[in-house]
Amino acid sequence: MATMVSSAGGLLAMLNENHPLLKLHALSNLISLVDYFWPEISTSVPVIESLYEDEGFEQRQLAALLVSKVFYYLGELNDSLSYALGAGPLFDVSEDSDYVHTLLAKAIDEYASIKTKAAESNKEAIVDPRLEAIVERMLDKCIMDGKYQQAMGMAIECRRLDKLEEAITRSDNVQGTLSYCINVSHSFVNRREYRSEVLRLLVKVYQKLPSPDYISICQCLMFLDEPEGVASILEKLTRSGNKDEALLALQISFDLVENENQAFLLKVRDRLSQPKSQTSEPVQPQPTEPDSTQSGSGTASGDVQMSDSSRTSDANAIEIDPSEAMYAESLTKIKGILSGETSIQLTLQFLYSHNKSDLLILKTIKQSVEMRNSVCHSATIYANAIMHAGTTVDTFLRENLDWLSRATNWAKFSATAGLGVIHRGHLQQGRSLMAPYLPQGVAGGGGSPYSEGGALYALGLIHANHGEGIKQFLRDSLRNTNVEVIQHGACLGLGLAALGTADEEIYDDIKSVLYTDSAVAGEAAGISMGLLMVGTASEKASEMLAYAHETQHEKIIRGLALGIALTVYGREEEADTLIEQMTRDQDPILRYGGMYALALAYRGTANNKAIRQLLHFAVSDVSDDVRRTAVLALGFVLYSEPEQTPRIVSLLSESYNPHVRYGAALAVGISCAGTGLSEAISLLEPLTSDVVDFVRQGALIAMAMVMVQTSEASDSRVGTFRRQLEKIILDKHEDTMSKMGAILASGILDAGGRNVTIRLLSKTKHDKVTAVVGLAVFSQFWYWYPLIYFVSLSFSPTAFIGLNSDLKVPRFEFLSNAKPSLFEYPKPTTVPTATSTVKLPTAVLSISAKAKTRAKKEAEQKAIALKSVTESSAGPNTGKGKSPSEKEGDSMQVDSPTEKKTEPEPSFEILTNPARVVPAQEKFIKFMEDSRYVPVKSAPSGFVLLRDLCPTEPEVLSLTDTPSSTTSPAGNTAAGQQSSASAMAVDEEPQPPQPFEYST
Amino acid sequence: MDAKLTEVLQFFERFKAACLRNDFDSANKLLSQLKVQLTEFRSLPPLFENSRNAIHELTVARDIYEDAVILSVKLEDQDAFERDFFQLKPYYTDVGNRLPASPQQYPILGLNLLRLLVQNRIAEFHTELELLSPIDLENPCIKHAVELEQSFMEGAYNRVLSARQSVPHETYVYFMDLLAKTVRDEIAGCSEKAYDYLSINDARQMLLFSSDQELLSYVKEDHPEWEVKNGYVFFQKAKESAPCKEIPSLQLINQTLSYARELERIV
């Protein structure tokens, strides 16, 4: 066995020798021994250092390497790195050792932080060239080895866009790398400006590709706010004459709409028409001219978009040139999509036809709620509105007009506004629906101001973020009234309809309402101004802040505080000065607004600085309101990483301060909304039985938000929660506060006819402005119940809607590769008497056993008789979702659940377009290969364009034919009459319900 | 035997001859060359590669370093001693069992202990001691050093000084002289603290000098801050009372208050 040296002492002593050869010998031996003897060597570091500093010594780099290694072992990474840099080429980047790995990581961190700091202070970075060399060597090596993802990550960290580009272009799968890069830049690049730079580069790279991925490019461009780019791409695709590319353009439009950036979409739309006339005029001046003037006048009138677009298509029909006609036709389609109308219409139809809301729940609530208790009474109305959001089903209200009439004053306001939630997206008939309640001209005097105000608010909710057609009407109503309740409703309505458009005229109108200094109207005005200016970071904020300091009314200050917060939506660092100003204010209400500003400016970024600040305020502010809001705001900052939230707020949820607990509950509710996340539910569960009533309320609502569309089969606690809600509602001695929470929770749990979820991120991981804003204002219901309706803005339908090139819904089937019971609708509740039978399952055991054997025998017989047939029949059975045993169960109700379990559940389900696909189900969705239609992009939900493989065959359409209003440009009323005439066809556009009157 | 080894052996012979001649300059030069040549042998520490000539090479190298240590004592060069000793040490500790025992081993180990004692590096002295086996401790060379250390610690300085007469090896004399100086410094340091002044006579006895003259020259050289007048030695000047440290009360109060504040914030 080879002898090991027991000490490095001899070699260290040799370092002190005079002869350079001896020193060299000692050094090179020490380097090989340093891994074992670094403690001994560490005492001699000064000697080695002096060797390194000795200019005359030839092997200085060797000395540097040795010192670097010793420092590495001592944990002094900074010193270690600086000596490693001194070692020059001797520091081998490709060496596979902990030392090299650690130091490389350190070097890259160092380099990245220098670069970032320099970029943030706008100075030229002063980087040690040796450091730069090491990082570059590392990057090159990664690229050489084919580790493109690492290289890209590092390049982004280090702000080396040149290297990033190199890595992307040299990778073998450029498309994949690019999409990876987009993901990375959204989730890891914290600074907005830099992210824009990265995305700009990506767009550049994308465009160089032979077959660019237009969908991704457009997403990038949208983030960069470059409507011109999107417009030109859309135009190029539609003009190409290729059907597939035209489909792609439609798909892109739908994807853009999903992000709900109204201002951007409008810009794209306007840009689209403009170049058309310019480019085509020299080629074909005659036919295009009338068209362009048409569309020009159309946008000018801007009242009802649909009639305008149909006129354009009429004009195009006369055209001679077929390709130009085709272009015009698809342009009309794209414009329709971009205006949001197409998707809203389709969604409306989907929600109407698939509505599975359970009226019995509402009935139970209604019966158990005491007559005198107005809070619970209006809570029930809220719950009804939320449950039927967007479905246009108002049966419950219609059936209970007497009961409804008990709502007075503000309750009446919200009852009327509730209609807006129910009819959300009913753009064409919205106004005629609300007509009976709207203020009747200047003469007025007809209805109560409360229902009039509520109706205006309702109009806003119907047209939320798509208010082109209704803005003018709302403005007029606002101007023509002095009643503060109506002003309140009109302000909210205007804010919703003109969300984020930054329309100066509307702003001035609202401002004049604000300056009347009326508490009720001023509050709504403040919020409304914020809604109007969402994300513009305009200097209007300082104007609002100044007025907030001036006024005496707390309500106005609060409204303004929220409004100011809304203006900085998504601006991240840009908002810092404003946030600083607000959070340092004397007035707790403004500090409270500051929390919202933090939440909205850093929404979904999981920015550490913002989290730190919020946590600080959550524990140190003197005002309970501010603390509550600070915790709540965490939910907004973290919604892109819902898994984090329960961990971060878990301590806060055990706070002694009930306000902090309440905030924690809502924070979880907001950030984990619709995820059904197990940790979130575990955190909320104890809070639902808290000692303080409002904490219970918050926890119940938050729990409902988390559990929305989670079926009992995937988490049994959903069932428990439903029973808990029922218990609270039925319990006579329960507090009003928690009762109200339970009622609202049942509404949210079954929101939108059980077909919507709360989603703050679009499928491309962009934030959905409307949804986030909606939840932010919703969380204000603590002070003002009517704001509860804002929650409807955050609902997004969980549907797969496949469309053909005519934007119609063809019959199309696809697979969901999971047990149907995992994602099915909750079973409708039965009449209360049924609950007693459920409690006694043991009594029927023998029967069920018999039934089981019977079923088995039957199955065996069948198997013998129809061996081959059973297999083929399995498909259609599951497709219907109900097995034959279900029919049997009808007669023997108690047996059916047990018997069903015995039957092996199929492991897949065939869904038919349009289908409900809940978020958790998305990963199981598969498209069938032999299908007639092929999706343009394989998205498991949302609007997906389908390519028809046999275009010659007639298509079977499964949803509605054509949206009624497009076919009948004559007017809305005509369409309404038509559809009512065509009786009860399910596919038909829902008819406008007859107005009903309050009996007060 | 390969050429390199023969060359080393030749150099070694010349080096030994130079040592005998007390021609230290040329001995030093030869030694330096020898050391460089030794680095080329792969059988030597720290590589210890096994080869045919390994044992022979190791033995030669060990002899060279032993002679180098002894040369450094002759030159009264403590740094060189330390350097050479450390390079020699692996030959005793790591490959000692493979080589024929060296007659020089114990004297050199003893010398090293003595050196540590002289330099007042007591901790290292004991570390070295721990590395030796009980049999080694019985060796007179080692025993001498151990006894010296014990006397030194006990304060039996007279025994330390008298031990000079009974050195086990002629090379020890240099260190023993140095040790006497160390002892004297120790006593001087203690007296300084213990007395305000001493009569010259007492001081001479205390510092174990044989004549007043020696005492005066010692004071002049090593302790110029002492004052000699009227037949007394005054240590007054050396005693500069260091002010005792104040308690940082304000800082402590502030800290406590901030803790209290932080505690309040805990949720």
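The values are calculated or read from the model by the stated rules, or taken from the named source; none is laboratory data. This one's a predicted model, so the numbers in the text were calculated from it and none came from an experiment. Note that we place each Cβ from the backbone using ideal geometry, even for glycine, and neighbour counts take in every protein chain shown. Protein only, heavy atoms only, side chains kept; ligands, DNA and RNA dropped before computing areas. Shrake-Rupley method; radii C 1.70, N 1.55, O 1.52, S 1.80 Å.
Rounded to the nearest 0.05, what FRET efficiency do A:Gln472 and A:Val100 have when you use their Cβ-Cβ distance and R0 = 51 Å? Can you show the working numbers first?
Working: r = 69 Å, r/R0 = 1.34.
According to the calculation, E is roughly 0.15.
What do you reckon, how do A:Met928, A:Met152 stack up by accessible area (1.4 Å probe), largest on top? Before the final figure, lay out the partial values.
Working: A:Met928 55, A:Met152 0 Å².
Per-residue accessible area, sorted high to low, gives A:Met928, A:Met152.
Here the 3J(HN,Hα) profile of region A:365-371, calculated from phi with Karplus coefficients 6.51, -1.76 and 1.60 at θ = phi - 60°, is 4, 4, 5, 7, 6, 5, 4 Hz, Gly and Pro shown as x.
Put a dot 7 Å past the Cα of B:Lys181, heading toward its Cβ, do the same for B:Glu221, and the two dots end up 0.7 nm apart. Converting phi to 3J(HN,Hα) with the Karplus coefficients 6.51, -1.76 and 1.60 and the offset θ = phi - 60°, region A:156-168 yields 5, 4, 8, 6, 10, 5, 4, 6, 4, 4, 4, 4, 5 Hz in sequence order, with x at every glycine or proline. For A:Ala133 and A:Asp517, the difference between the fully extended length at 0.36 nm per residue and the C-alpha to C-alpha distance is 131.8 nm.
The angle between the Cα long axis of helix B:212-222 and the longest principal axis of the Cα atoms of chain B comes to about 90 degrees, rounded to the nearest 10. Work through the residues other than A:Asn804 whose Cβ is under 9 Å from its Cβ and net out their charges, Lys, Arg +1 and Asp, Glu -1. Here the charged neighbours net out to -1.
Taking the Cβ of A:Gln697 as the center, what net charge do the other residues with Cβ under 10 Å away carry, scoring Lys and Arg +1 and Asp and Glu -1?
Working: positive: A:Arg696, A:Lys739; negative: A:Asp690, A:Asp693, A:Asp735.
Once all neighbours under 10 Å are counted, the net charge is -1.
List the trypsin sites (Lys or Arg not before Pro) in region A:491-593 that DSSP assigns to loop (not H, G, I, E or B) and whose Cβ has at most 13 other Cβ atoms within 10 Å. Which are they? Present the calculation step by step, with values, prior to reporting the outcome.
Details: sites: A:Lys511, A:Lys540, A:Lys555, A:Arg558, A:Arg571, A:Arg584, A:Arg591; in loops: A:Arg571, A:Arg584.
Answer by residue number: A:Arg584.
Model label points for A:Ser716 and A:His616, set 7 angstrom from Cα along the Cα-to-Cβ axis, are 4.6 nm apart. For region A:112-226, the square roots of the Cα gyration tensor eigenvalues, ordered a ≥ b ≥ c, give a/c of at least 1.5 with a/b no greater than b/c, which places it in the oblate category. A dipole drawn for the protein assembly as shown from +1 and -1 charges on Cβ atoms has a positive end, and of A:Tyr569, A:Ile758, A:Ser655 the residue lying farthest that way is A:Ile758. Shielding of peptide B:81-93 by partners, expressed as the average count of other chain Cβ atoms within 10 Å per residue Cβ, is 4. How far is helix B:140-154 tilted, in degrees, relative to the longest principal axis of the Cα atoms in chain B, given as a value from 0 to 90 rounded to the nearest 10? Approximately 0 degrees, to the nearest 10.
When exposed loop sites are taken as trypsin sites (Lys or Arg not before Pro) in a DSSP loop with at most 15 other Cβ atoms within 10 Å, the longest stretch of chain B clear of them is B:122-238.
Annotation for region B:100-136 versus region A:473-535: alpha-carbon center distance of 95 Å.
Taking only protein heavy atoms and a 1.4 Å probe, the accessible area of region A:388-505 is 46% carbon and sulfur. Between A:Ser32 and A:Gln149, the contour length at 0.36 nm per residue exceeds the Cα-Cα span by 38.7 nm. FRET efficiency for the pair A:Lys243 and A:Asn480, taken as 1/(1 + (r/R0)^6) with r the Cβ-Cβ distance and R0 = 60 Å, rounds to 0.75.
Cβ under 14 Å from A:Val513's Cβ, A:Val513 left aside: what net charge do those residues give with Lys, Arg +1 and Asp, Glu -1? Intermediate results must be reported in sequence, preceding the final value.
Numbers: positive: A:Arg475, A:Arg479, A:Lys511, A:Lys555; negative: A:Asp476, A:Glu484, A:Glu505, A:Asp508, A:Asp509, A:Asp517, A:Glu523.
Net charge around A:Val513: -3.
Summary of the geometry: region A:599-621 and region A:575-590, compared by the centres of their Cα atoms, lie 13 Å apart. Using the Cβ-Cβ distance between A:Glu120 and A:His549 with R0 set to 25 Å, the FRET efficiency works out to roughly 0.20.
Applying both filters, DSSP loop and at most 15 other Cβ atoms within 10 Å, to the GluC sites (Glu not before Pro) of region A:640-716 gives A:Glu643.
Is any residue of region B:73-87 close enough, with backbone N under 19 Å, to a label point placed 7 angstrom from the Cα of B:Arg21 along the Cα-Cβ axis, and if so, which? Inside the label zone: B:74-75.
With θ taken as phi - 60° and the Karplus curve 6.51 cos²θ - 1.76 cosθ + 1.60 applied, the whole-hertz 3J(HN,Hα) list for region A:918-930 is 6, x, 5, 7, 3, 6, 9, 6, 10, 9, 7, 6, 8 Hz, x standing for glycine and proline. For peptide A:9-18, the mean count of partner chain Cβ atoms within 10 Å of a residue's Cβ comes to 6. Starting from one equal scatterer on each C-alpha and no solvent at all, send me the Debye-based log10 I(q)/I(0) for region B:52-183 at q = 0.16 Å⁻¹, two decimals. Log10 I(q)/I(0), no solvent term: -0.78.
Beyond 26 Å between alpha-carbons counts as too far, so tell me which of A:Lys243/A:Lys926; A:Lys765/A:Lys827; A:Lys106/A:Lys765 fall in that bin.
Numbers: A:Lys243/A:Lys926 24 Å; A:Lys765/A:Lys827 32 Å; A:Lys106/A:Lys765 31 Å.
Pairs exceeding 26 Å: A:Lys765/A:Lys827; A:Lys106/A:Lys765.
Calculated from the alpha-carbon coordinates, region B:104-162 shows an Rg and a Dmax of 10.9, 31 Å respectively.
What average count of beta carbons from other chains do you get within 10 Å of the Cβ of residues in B:27-37? All intermediate terms of the calculation are to be shown ahead of the outcome.
Numbers: counts 0, 1, 0, 0, 0, 5, 1, 0, 7, 7, 1.
Per-residue shielding by partner chains comes out at 2.
For A:Thr516, A:Thr688, B:Thr39, the ranking by accessible surface with the largest value first comes to A:Thr516, B:Thr39, A:Thr688, using a 1.4 Å probe. Restriction of the chymotrypsin sites (Phe, Trp or Tyr not before Pro) in region A:742-820 to DSSP coil positions whose beta-carbon has at most 16 other beta-carbons within 10 angstrom yields A:Tyr783.
Hydrodynamic analysis of region A:699-748 uses the Kirkwood radius over alpha carbon pairs. Inserted into Stokes-Einstein at 25 °C and 0.890 mPa s, it gives a translational diffusion coefficient of 226 µm²/s. Chains A and B together bury some 1900 Å² of accessible area, summed over both sides, with a 1.4 Å probe.
Summarising the label geometry, the points placed 7 Å from Cα in the beta-carbon direction at A:Thr736 and A:Arg191 lie 5.3 nm from one another.
Over all orientations, the protein assembly as shown has a Cα convex hull whose mean projected area works out to 74.0 square nanometres. When both region A:78-107 and region A:766-807 are represented by their alpha-carbon centers, they are found 52 Å apart.
If a/c stays under 1.5 just call it rounded; otherwise compare a/b with b/c (prolate if a/b is bigger, oblate if not). Do that for region A:414-481, with a ≥ b ≥ c from the square roots of the Cα gyration tensor eigenvalues. Oblate, because a/c is 1.5 or more while a/b does not exceed b/c.
Based on Cβ point charges of +1 for Lys and Arg and -1 for Asp and Glu, what charge dipole magnitude is obtained for region B:122-253 about its Cα centre, in debye rounded to the nearest 20?
Details: 12 positive and 23 negative charges, 92 e Å.
Here the size comes out at about 440 debye.
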